[in-house]
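A.B. asks: Submitted below is the structure of interest, expressed as structure tokens.
A short reminder: the numbers here are calculations on the coordinates, not readings from a lab. All values reported here derive from a predicted model rather than from experimental measurement. Glycine also receives a Cβ, built like all others from the backbone with ideal geometry; neighbour counts cover every protein chain displayed.
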Amino acid sequence: KYPVSLPAGSYTAEFIDESGDQVWPIFVQEKWESPPDCTGFAELGDITILKPDVSGSSCEELVRNGGQDTSISSSEPWLQFRTNFEVGVGMGTNGSDAIKTTTRGHVFHGIGQ
């Protein structure tokens with residue numbers, strides 16, 4: 001989470017790895033907080049997030065499972081939003097392990113990557 005207050009204007013943002021290459025993180029969510037107690041600030045639509053071109057390797061595993069096709073030992077690389085989840089041993093397809101939510105309270109609560 002990286003909150004900032006910016007003066008009015010047009011901005012671009014991008015993600016750069018340690019080699020200086022433009023990348024896209026596993027999870028990105030643009031979220032606007034309450035406006036600051038001043039005038040002349042950036043608003044929704046003033047910031048453009050630059051995304052790198054999609055390469056063939058980016059499409060090889062669209063839903064990542066951490067390289068664990070049969071046995072899951074952790075919830076990596078899954079992220080949670082207002083829910084808890086755990087490994088469901090034997091609850092997946094053909095008795096494989098699965099990730100399950102345990103405290104989902106609304107339709108917009110869940111897991112993602």
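A.B. asks: R0 = 30 Å: FRET efficiency of residue 15 with residue 41, Cβ-based, nearest 0.05?
C.D. replies: Numbers: r = 23 Å, r/R0 = 0.78.
So, using R0 = 30 Å, E works out to roughly 0.80.
A.B. asks: Return the long-range amide H neighbours of residue 85 (sequence gap of 5 or more, or a different chain), with a cut-off of under 5 Å between placed amide H atoms.
C.D. replies: Hits under the 5 Å cutoff: 102.
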